[in-house]
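Structure first, then comments.
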4 protein chains.
Amino acid sequence: MPAMIPHKIDSLATLRLRIREFAQARAWESYHTPKNLVMALSVEAAELLEPFQWLTAEQSQHLSADQHEAVRQEIADVLIYLTRLADLLDIDLLEAAADKLALNARKYPVEKAHGNALKSTDFSND
Amino acid sequence: MPAMIPHKIDSLATLRLRIREFAQARAWESYHTPKNLVMALSVEAAELLEPFQWLTAEQSQHLSADQHEAVRQEIADVLIYLTRLADLLDIDLLEAAADKLALNARKYPVEKAHGNALKSTDFSND
Amino acid sequence: MPAMIPHKIDSLATLRLRIREFAQARAWESYHTPKNLVMALSVEAAELLEPFQWLTAEQSQHLSADQHEAVRQEIADVLIYLTRLADLLDIDLLEAAADKLALNARKYPVEKAHGNALKSTDFSND
Amino acid sequence: MPAMIPHKIDSLATLRLRIREFAQARAWESYHTPKNLVMALSVEAAELLEPFQWLTAEQSQHLSADQHEAVRQEIADVLIYLTRLADLLDIDLLEAAADKLALNARKYPVEKAHGNALKSTDFSND
């Protein structure tokens with residue numbers, strides 16, 4: 001990519017296209033089955049877990065600049081694989097998240113969930 | 001949230017605000033330390049792994065409607081926790097992904113990475 | 001398994017055989033590729049993560065009887081898949097662990113690692 | 001550990017003691033809360049996932065010697081953290097696995113589970 005001009009990515013739609021081009025240019029498409037991509041996503045999620053494993057809750061709120069940058073890169077990796085997976089499965093990420101938040105709003109009504117830990121602090125529905 | 005009017009979420013910035021409001025309304029903020037959120041993200045990533053664990057590569061490319069909807073919800077959960085974590089750490093998701101793609105473009109030049117599996121099919125840098 | 005007499009399992013070698021018989025009796029062997037089994041193991045590890053995600057460090061040290069039993073079952077699942085994977089890959093679990101501890105003893109000498117967090121509290125070598 | 005004589009580890013009980021001594025000698029005990037250890041275990045499970053992510057099912061059954069040794073070390077890491085966690089929670093690993101297999105035998109009767117994929121190929125109970 002000798003003359004690549006790094007252009008700004010200003011939406012998830014643009015990110016999706018850029019990742020698609022990236023994979024096509026490297027002929028990685030045959031590796032990018034949904035099964036392989038969920039594995040890659042789990043690996044990246046664990047790489048994001050790793051810098052936090054021995055930190056206290058408080059320490060995790062006050063990362064050093066180096067820690068913050070490392071975490072930022074792992075967060076980017078998770079988003080990249082998530083976007084790639086959603087592209088292959090023809091899923092609109094923002095729409096999926098909006099639908100899930102609406103589902104969670106019904107599942108965890110404000111009055112019941114207030115300050116309540118464990119299961120009810122979970123955004124997910126199982 | 002009796003009179004909640006479900007509004008469309010048209011950007012990651014809007015999603016970030018909606019999730020923030022969701023957590024504030026339920027007083028979940030004290031649970032949302034970075035350490036706890038990376039754990040929640042890993043749990044969701046594994047719930048996305050789960051429906052694929054016994055599928056062949058081919059089967060993973062042809063999900064049933066039910067499987068597809070289940071996967072869509074898990075993808076949403078991953079995005080929701082990722083967005084929440086990025087909000088707390090003051091990380092711009094799209095900027096982080098753009099920077100990482102630029103880094104990866106240098107790390108995996110097209111000519112070297114072409115059709116090359118294993119480490120070099122990885123978007124991540126380690 | 002109508003007349004199954006539950007016999008005690010007194011070693012990893014016996015556990016390995018029992019799991020092998022269990023899988024054979026159900027014709028699950030074709031599903032048990034190493035790739036699928038590492039996915040199943042990661043899913044179980046995350047199910048073990050899940051009950052701890054919103055707990056403080058202190059709370060995680062004082063589980064209720066119900067929480068303890070749930071965690072015990074998830075720990076069992078991890079061991080079962082780990083044993084099955086090691087069986088397929090012809091790996092002796094205790095020997096592998098002994099070798100790794102010896103490696104770690106050299107990597108983290110007592111005088112350097114004393115009370116030192118982060119990377120150096122890690123048993124693993126990367 | 002200058003005069004450490006590496007002795008053979010011939011049971012999980014011995015492994016548990018060796019790991020306990022290892023952690024005590026390095027004053028790592030304060031880091032070893034159940035919450036932190038389940039995180040470490042998930043990180044190791046993902047490191048075991050990583051070498052398999054781009055392999056086909058077939059390739060995962062025919063690892064090179066280098067791949068096999070890397071996988072063996074990651075398997076060891078998982079067992080080490082699992083043993084450490086079980087020690088802290090006073091859980092007998094073999095007994096827990098035996099109880100879980102008995103539970104699974106009732107949950108997945110041979111006649112129903114035969115060659116049946118997805119949920120029913122799962123050793124775990126959810």
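The values are calculated or read from the model by the stated rules, or taken from the named source; none is laboratory data. The structure presented is a predicted model; accordingly, all values stated were derived computationally and were not measured. Positions of Cβ are backbone-derived with ideal geometry, glycine not excepted, and every protein chain shown enters the neighbour counts. Side chains included, ligands, DNA and RNA excluded: accessible areas come from the protein's heavy atoms. Shrake-Rupley method; radii C 1.70, N 1.55, O 1.52, S 1.80 Å.
The other copies place their D:GLU58 label points at 1.2, 5.7, 5.8 nm from this one, listed shortest first, where each point is 7 Å from Cα along Cα→Cβ. Across the stretch B:51-95, the convex hull enclosing all Cα atoms gives 93 Å³ per residue.
Each part gets one Cα centre, and for the stretch D:34-101 versus the stretch B:21-100 those centres are 23 Å apart.
Accessible area per residue was computed with a 1.4 Å probe on protein heavy atoms; D:LEU93 scores about 10 Å². Contact with the other protein chains removes 40 Å² or more of accessible area, compared with the isolated chain and a 1.4 Å probe, from these residues of the stretch A:86-112: A:LEU89, A:ILE91, A:LEU94, A:ALA96, A:ALA97, A:LYS100, A:LEU101, A:ALA105, A:VAL110.
Which FRET efficiency, nearest 0.05, do B:ALA102 and C:ALA25 yield, Cβ-Cβ r, R0 45 Å? Once the sixth-power term is evaluated, E becomes 0.25.
With 0.36 nm allotted per residue and the present C-alpha distance subtracted, the B:ASN116-B:SER64 stretch has 15.6 nm of extension available.
Solvent-accessible area assigned to carbon and sulfur over the protein assembly as shown amounts to 54 percent, based on a 1.4 Å probe.
For the stretch B:12-91, the Cβ-based charge dipole about the Cα centre amounts to some 380 debye (Lys, Arg positive; Asp, Glu negative; other atoms uncharged). Placing a label point 7 Å from Cα along the Cα-to-Cβ axis, B:ASP90 is separated from the same position in the other copies by 4.3, 4.5, 5.6 nm, shortest listed first. Answer rounded, prolate or oblate for chain B, using the Cα gyration tensor with square roots of eigenvalues a ≥ b ≥ c: rounded when a/c is under 1.5, else prolate when a/b is larger than b/c, else oblate. The shape class here is oblate.
Lysine pair count for chain B (Cα-Cα distance under 24 Å; residues 8 or more apart in sequence or on different chains): 4. If a/c stays under 1.5 just call it rounded; otherwise compare a/b with b/c (prolate if a/b is bigger, oblate if not). Do that for the stretch A:1-74, with a ≥ b ≥ c from the square roots of the Cα gyration tensor eigenvalues. Here the stretch A:1-74 falls in the oblate category.
For the stretch D:12-91, the per residue solvent-accessible surface stands at 32 Å², with DNA, RNA and ligands left out and a 1.4 Å probe. Look at the dipole of chain D built from charges on Cβ: of D:PRO109, D:LEU37, D:SER64, the Cα furthest out on the positive end belongs to D:PRO109.
Computed over the protein assembly as shown, the P(r) curve from all C-alpha pair distances, binned at 20 Å from the origin, holds 23, 57, 19, 0 percent per bin. Each Lys and Arg Cβ is given +1 and each Asp and Glu Cβ -1; about its Cα centre, the stretch B:14-57 then shows a dipole of about 240 debye. Computed over protein heavy atoms with a 1.4 angstrom probe, the accessible surface ordering of C:GLU44, C:GLU111, largest first, is C:GLU111, C:GLU44. Pairing chains D and C buries close to 7200 square angstrom of accessible surface in total, based on protein heavy atoms and a 1.4 angstrom probe.
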